[in-house]
Structures are given as C-alpha cells and as structure tokens.
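Student: For reference, the structure I am asking about is given below.
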Amino acid sequence: MPEPTQFRLYNTLTRRVEPFTPADGRTVRMYTCGPTVYNPAHLGNFRTFLFEDLMRRVLALRGWAVQQVMNLTDVDDKIITRAHGQGKTITEVTEPVIEVFHQDREYLRIERAEFYPKATDFIPQMIALVERLVERGVAYQAEDGSVYFAIDRFPGYGRLSRLDTREVKSGARVLQDDYSKENAQDFALWKAAKPEDEATGAAWDSPWGRGRPGWHLECSAMAMDILGETLDLHCGGIDLIFPHHEDEIAQSEAATGKPFSRVWCHGAFLLTEGAKMAKRVGNVSSVQGLREEKFSAAALRHFVFNTHYRKELNLSAEALEASTEAVRRVGDFAQRLGDPATLEAGGTPELAIAADEAVRVAEAALFDDLNGPEALAALFNFIRRANAELDRKGGDRDSVERARLAFERIDRVLDIVPDPVQADAELEGWVTERLAARAAARQERNFAESDRIRDELLARGVVIEDAAGQTRWKLR
Ligand code: AMP
Ligand code: ZN
C-alpha cells in the first residue's frame, strides 16, 4: 500500500500550513461555531458553514470519521432584545429561526453535523465550568452580580489572536458594558439577570444568583461536554478569532490545564460589493433570496468553493451567473456518464488515464489545505478531456465506468451537480403541443417550420434532441 497522501491545514495558532491527523488516528472531533438564531443566517454565515461542510467531506474522503458539533446560540443580547420588543420568550423567537436554518442548510446541501446543541440545554454544564474557574481563582464575581474571567490571571491570553503584535484589532464583538470589572478587558462568564432577561425566560438559578451565560462560555461548555477536553479541530469565521475564540481558549484551558483545540481554522469573509455582510446592515442576502432569484445550491457551492476559503470573496450576480453556467456543464456531463448510450458507445484508454489523473490532482488539492479552486480546475479539465474522448466512441466500457467513478468520487465532496429544472404543467403542455407541430412539419418536409419551432422552444429554455427516431427534451 502506498503512503496515503499527506493532509495539511493552515492552523491559525501557528500561522502555518501543517500536517494534520486526528489525535486517535481515526475520528476527527470538530467544533464549529454556529448561528445566533434571532434572524435567518445570511449568505456570509453560509459561506463559513459551506467551508465547514467542505472540511468534513474532505476529512471523510481522507478516510477519517467525523464528529462535528455545531452549536445554536439561542440566548444572547440580540435575541433577548428581539423577544422583549415582541412580548415573546426567547424560545418563541429562536424555534422558528432554527427551523429555517435547517431548511436553508438542506437546500445548500450542507451535510448534517452529528450534534446541534442549543445553549439553553447546557446551562448546568456552563455553571459547572464557571464554578471550576472560580475555584481556580481565575474568575470573580463583581459588585453587579456578574462573574468575570480575569484575563491577567491566564498567562496564555492573546496567543491565538497575537494581541501583543496587534495583528488583530478588537472587533465590534467586544462587550461594551459598564459593569464593575477589575480590568476593562475581562469578559463576562455569567451575567446577572436584568428584568428583560426574566421577562423573556432568559434567566436561570446559579450559585451567583439569577443570570444567564456569556456567549463565549456557551461554546466552551458544549464543546468539552460533547467532544471532550481537547478537540482536534475548531473552526469558524475569521471575525471569531478575537475575542470569541481567544476567550473560549482562556476559559477552557484555565479550567482543564489542557490544550482546548489542537488546530484552529478560520474562513475569510463573504463581502457584498466590498462591504462586510452583517445582519445589522441593509445589504443582507439570504438563502430565501437566492431561491427567489432561482440560483441553485450547486451554483452557490461552486461560487464559494471556487475561491480558497482563506481569501475574501465578493458576492455578485455576475459571479453567480458564471457559476450557474459552470455547473450546467457539470450537470450535462453527469447526465452523459449516466446515459446507457454512453456506456454502449464506450470509451478510450485515454479516458481512463484522464479519470485517474483527475482523482489524483483533485484529491491532492483538497488535502492541501482544502484547495477548492484547484480541485474544481481538475474537475473541469477532466470534463473537457472526457467529453472529447467520449465523442470518439472507443468501445471500451471499463474506461466509461472508471470515468463515472472518478466523477462521483470528486463530486461526493463538491456536490455541484444541479437538480434537474422542473417544468411546470403549463410549460409541459405547451412543449408537448409544439413537439407535435414540429413532428408534423417534418413529416411534410417543411424544415424551415420545424427549425422555427425548435428556436421557439429554445427561447423558453427548452432544448430538444432527436435520437433513434424519438425527440427528447429538457430545460436548460
Ligand atoms: P453569527 O451568527 O454572527 O454568530 O455567525 C455565525 C458564523 O458565520 C460565524 O462562524 C461567523 O464567523 C460567520 N460569519 C459572519 N459573517 C460572515 C461573513 N460575512 N462571511 C463569512 N462568514 C461570516
Ligand atoms: Zn463559538
């Protein structure tokens, strides 16, 4: 057996691309920060979730089992404000949003993670973690009743974000509260309840009185409860490096004395016309909007994977249209490979060579820090070569089979074959009528008329193909 190809990832902790293997050699225990469920996630969030989907599929391709946790943040300031304004409980706000999240996720073919823990289901574990930190002397209760983490009592603070080198500026996520902290940068582990927390069902009993967990604490508690004290891999968008992930590390490592995650991976942002997407600003684009504009999941996946996950990506209608065109070629190729007539006509030795090479090149790219654009280039190169070889109808069934398996192996990761476009009943009736008219014209050898009908069909996106005395049609 040859050595399996080395698998490498860029680790934010070391700022280097490094060889990666799970600690036990078999199962990758992976934590991915999930959505705050007060509004449907926007396409920026989904860029990150697609990067994590690519990650889990590539880890599986490499032969490892994956245990992925994606938390659902269902208690936080924005949710409470929303609920309070609408006279609802936080659960009444979050439940429908969680439902939409899963619908959107399925539409985009993002594989289901093994766990979707809700923060509100892990309050006892969060309290236990704060107790450990208080016992160890790194957390304190302030006069306002909230419990804070004392960052100057944790020597490793700032290691991930390299605060000392000022590489990362403190983002908008830094808590802007006026609580009585020892140090302005200490962050809340447990927040004393306010009247609106009580009113919306966002307060629980604790040794420090009524209150609710801080956002950073939620992730540490759920990650360690479900996956153990040291994870293999922790992912999220780049905006989470500081303070969220820095604070997750501080809390977890101060409590356990063990490394919290061996590797940290961060995806770059999706921008709309150069501006950062945020739920708070107007340029929101959702999966719902994408569906209304008739952009397929395959097209969005192609668009996202065609830029390396560590590079910023601009959302534009032109780019989505180009991706739609690209995946149409993928869909046509998939259909050709699945057609019994293709197997019948057979392939050439060159087809088998192209298939093997496509798998080798695409896998090497994916195993090298998830290089999506190179994997896609390998796939499209293969499609071009394979189409040319198939045109030669070389008679060899094995090479066609080999091409099909190669294509399936690569597409199991990328998943970019578009769903066949469904025709509505009105269109279907019209096409049937037009095809009958065309057949009649051809019967009368009126080829000008039959060509005219073909163009008429094409104008509505209907492509026809005459084969073996039959006319088949499909939508472009
Ligand atoms: P949130 O719901 O804001 O906590 O974000 C959920 C995930 O989406 C996190 O991993 C964020 O880093 C990520 N994220 C937020 N905005 C963007 C964006 N514009 N592009 C890519 N990822 C984003
Ligand atoms: Zn998190």
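The values are calculated or read from the model by the stated rules, or taken from the named source; none is laboratory data. What you see is a predicted model, and the numbers here were worked out from it, not measured in a lab. Note that we place each Cβ from the backbone using ideal geometry, even for glycine, and neighbour counts take in every protein chain shown. Calculation scope for accessible area: heavy atoms of the full protein, side chains included, ligands and nucleic acids excluded. Shrake-Rupley method; radii C 1.70, N 1.55, O 1.52, S 1.80 Å.
Student: Among the residues in region 70-86, are any free of Cβ contacts under 8 Å to residues at least 24 places away in the same chain and either open to solvent by less than 20 Å² (accessible area, probe 1.4 Å) or assigned to a loop (DSSP other than H, G, I, E, B) (or both)? Quick ask: steps written out before the conclusion?
Tutor: Filtering region 70-86 down to residues free of Cβ contacts under 8 Å to residues at least 24 places away in the same chain leaves 77, 85-86.
Still in the list and also either open to solvent by less than 20 Å² (accessible area, probe 1.4 Å) or assigned to a loop (DSSP other than H, G, I, E, B) (or both): none.
No, region 70-86 contains no residue that is free of Cβ contacts under 8 Å to residues at least 24 places away in the same chain and either open to solvent by less than 20 Å² (accessible area, probe 1.4 Å) or assigned to a loop (DSSP other than H, G, I, E, B) (or both).
Student: Is one or more of the residues making up region 381-398 under 30 Å from W264 (Cβ atoms) and buried (at least 23 other Cβ atoms within 10 Å of the Cβ)? Give the derivation first.
Tutor: Step one: list which residues in region 381-398 are under 30 Å from W264 (Cβ atoms), which gives none.
For region 381-398, residues under 30 Å from W264 (Cβ atoms) and buried (at least 23 other Cβ atoms within 10 Å of the Cβ): absent.
Student: Please specify each residue of region 47-69 satisfying the condition of being within 16 Å of ligand 2 (Cβ to nearest atom) and outside any helix (DSSP H, G or I).
Tutor: Scanning region 47-69 gives Q68, V69.
Student: Please list, ordered by first then second residue, the pairs with beta carbon atoms under 6 Å, 6 or more apart or interchain, first in region 222-247 and over 14 Å from N11 (Cα atoms), second part of a helix (DSSP H, G or I) and within 12 Å of ligand 2 (Cβ to nearest atom).
Tutor: H244/H216; D247/H216
Student: Quick check on region 110-119: of everything there that is touching a residue at least 24 places away in the same chain (Cβ under 8 Å) and surrounded by fewer than 17 Cβ atoms within 10 Å (Cβ to Cβ), which residue is farthest from S220 (Cα to Cα)? Give the steps one after another, and end with the answer.
Tutor: From region 110-119, those touching a residue at least 24 places away in the same chain (Cβ under 8 Å) are 110-111, 113-119; that's our starting set.
Remaining after also requiring surrounded by fewer than 17 Cβ atoms within 10 Å (Cβ to Cβ): 111, 114-116.
Values: E111: 23, E114: 17, F115: 15, Y116: 14 Å.
Filtering first and then ranking leaves E111.
Student: If you check E95 against the conditions, is it closer than 30 Å to A317 by Cβ, open to solvent by 40 Å² or more (accessible area, probe 1.4 Å) and part of a helix (DSSP H, G or I)?
Tutor: Values: closer than 30 Å to A317 by Cβ: no; open to solvent by 40 Å² or more (accessible area, probe 1.4 Å): yes; part of a helix (DSSP H, G or I): yes.
Taking the combined requirement at face value, the residue does not satisfy it.
Student: Quick check on E433: is it in the same structural domain as A341 (by TED's automatic domain parsing) and not basic (K, R)? Steps first, please.
Tutor: On the way: in the same structural domain as A341 (by TED's automatic domain parsing): no; not basic (K, R): yes.
No.
Student: Could I ask something else about it? Where in region 188-297 are there strands (runs of 3 or more DSSP E), lying fully within it, with 3 or more residues that are at pLDDT 95 or above, within 16 Å of ligand 2 (Cβ to nearest atom) and within 20 Å of the chain's Cα centre (by Cα)? Explain how you work it out, then say what you get.
Tutor: On the way: elements: 211-213, 231-237, 261-267, 270-272.
Ranges flagged: 231-237, 261-267.
Student: Now a separate question. Give me the residue from region 27-40 that is more than 6 Å from ligand 1 (Cβ to nearest atom) and farther than 19 Å from R262 by Cα and, out of that set, surrounded by the fewest Cβ atoms within 10 Å (Cβ to Cβ). Reasoning before the result, please.
Tutor: Restricting attention to region 27-40, the residues satisfying the condition of being more than 6 Å from ligand 1 (Cβ to nearest atom) are 27-32, 34, 37-40.
Imposing the further condition that a residue be farther than 19 Å from R262 by Cα reduces the set to 34, 37-40.
Values: G34: 27, V37: 26, Y38: 20, N39: 18, P40: 21.
Taking the candidates together, the pick is N39.
Student: Another question about this same structure. Which residues, counting only those in region 298-327, are open to solvent by 30 Å² or more (accessible area, probe 1.4 Å) and part of a strand (DSSP E or B)?
Tutor: Matches in region 298-327: N314 only.
Student: Could you please find all residues in region 260-273 being more than 16 Å from ligand 1 (Cβ to nearest atom) and either touching a helix residue (DSSP H, G or I) at 6+ places or on another chain (Cβ under 7 Å) or open to solvent by less than 10 Å² (accessible area, probe 1.4 Å) (or both)?
Tutor: Passing the criteria: only F260.
Student: Looking at region 328-336, is at least one residue of a type in the set (V, I, T), under 14 Å from V417 (Cβ atoms), part of a helix (DSSP H, G or I) and modelled with pLDDT of 95 or more? Can you show your working first?
Tutor: Taking region 328-336 and keeping what is of a type in the set (V, I, T), we get 330.
Add one more test, that the residue is under 14 Å from V417 (Cβ atoms), and what stays is 330.
Going one step further and asking which of them are part of a helix (DSSP H, G or I), we end up with 330.
Add one more test, that the residue is modelled with pLDDT of 95 or more, and what stays is 330.
Scanning region 328-336 turns up at least one residue that is of a type in the set (V, I, T), under 14 Å from V417 (Cβ atoms), part of a helix (DSSP H, G or I) and modelled with pLDDT of 95 or more.
Student: Take region 424-439 and flag every residue that is among the charged types (D, E, K, R) and surrounded by fewer than 11 Cβ atoms within 10 Å (Cβ to Cβ).
Tutor: Selection gives D424, E426, E433.
Student: Which one of these is surrounded by fewer than 19 Cβ atoms within 10 Å (Cβ to Cβ), touching a helix residue (DSSP H, G or I) at 6+ places or on another chain (Cβ under 8 Å), of a type in the set (D, E, K, R) and under 26 Å from L160 (Cα atoms): R15, R8? Steps first, answer last, please.
Tutor: Numbers: R15 fails: touching a helix residue (DSSP H, G or I) at 6+ places or on another chain (Cβ under 8 Å).
Sole residue among the options that is surrounded by fewer than 19 Cβ atoms within 10 Å (Cβ to Cβ), touching a helix residue (DSSP H, G or I) at 6+ places or on another chain (Cβ under 8 Å), of a type in the set (D, E, K, R) and under 26 Å from L160 (Cα atoms): R8.
Student: Of everything in region 103-162, what is assigned to a helix (DSSP H, G or I) and hydroxyl-bearing (S, T, Y)? Give them in sequence order.
Tutor: Taking region 103-162 as the starting set, the residues that turn out to be assigned to a helix (DSSP H, G or I) are 103-107, 119-135, 151-153.
Within region 103-162, Y107, T120 qualify.
Student: Can I ask one more? Inside region 363-476, counting only helices (runs of 4 or more DSSP H) that do not spill past its ends, which hold 3 or more residues that are out of contact with any helix residue (DSSP H, G or I) (no Cβ under 7 Å at 6 or more places or on another chain) and under 25 Å from L313 (Cα atoms)? Spell out the reasoning first.
Tutor: On the way: elements: 372-391, 397-414, 425-443, 447-459.
Helices (runs of 4 or more DSSP H) meeting the threshold: 372-391.
Student: Please go through region 6-57 and pick out each residue that is in contact with a Lys or Arg (Cβ under 8 Å, 6 or more places away or on another chain) and of a type in the set (S, T, Y).
Tutor: Answer for region 6-57, where residues must be in contact with a Lys or Arg (Cβ under 8 Å, 6 or more places away or on another chain) and of a type in the set (S, T, Y): Y10, T36, Y38.
Student: Continuing with the same structure: Pairs only if they're at least six apart or on different chains, beta carbon under 9 angstrom, first in region 457-476 and in contact (Cβ under 8 Å) with a residue 60 or more places away in the chain, second surrounded by 10 or more Cβ atoms within 10 Å (Cβ to Cβ) and of a type in the set (K, R); list them, first residue then second.
Tutor: Cβ pairs passing all conditions: R476/R328.
Student: Here's another thing I want to ask about it. If we scan region 329-344, do we find a residue that is surrounded by 21 or more Cβ atoms within 10 Å (Cβ to Cβ), among the aliphatic types (A, V, I, L, M), within 17 Å of R301 (Cα to Cα) and touching a His at 6+ places or on another chain (Cβ under 7 Å)?
Tutor: No, because not a single residue in region 329-344 is surrounded by 21 or more Cβ atoms within 10 Å (Cβ to Cβ), among the aliphatic types (A, V, I, L, M), within 17 Å of R301 (Cα to Cα) and touching a His at 6+ places or on another chain (Cβ under 7 Å).
Student: Among the residues that make up region 225-247, is at least one of them surrounded by fewer than 24 Cβ atoms within 10 Å (Cβ to Cβ), within 19 Å of A119 (Cα to Cα), more than 14 Å from ligand 1 (Cβ to nearest atom) and aliphatic (A, V, I, L, M)?
Tutor: Checking region 225-247: at least one residue is surrounded by fewer than 24 Cβ atoms within 10 Å (Cβ to Cβ), within 19 Å of A119 (Cα to Cα), more than 14 Å from ligand 1 (Cβ to nearest atom) and aliphatic (A, V, I, L, M).
Student: Still on this structure, I have one more. Looking at region 440-449, is at least one residue in contact with a strand residue (DSSP E or B) (Cβ under 6 Å, 6 or more places away or on another chain), modelled with pLDDT under 95 and open to solvent by 60 Å² or more (accessible area, probe 1.4 Å)? Outline the logic, then answer.
Tutor: Looking only at region 440-449, we keep the residues that are in contact with a strand residue (DSSP E or B) (Cβ under 6 Å, 6 or more places away or on another chain), and these are none.
No, the conditions are met nowhere in region 440-449.
Student: Name the pairs whose Cβ atoms lie under 8 Å apart, with the first residue in region 35-49 and within 16 Å of L240 (Cβ to Cβ) and not assigned by TED's automatic domain parsing to the domain that holds A83, the second aliphatic (A, V, I, L, M) and outside any loop (DSSP other than H, G, I, E, B), and 6 or more positions between them or separate chains?
Tutor: none
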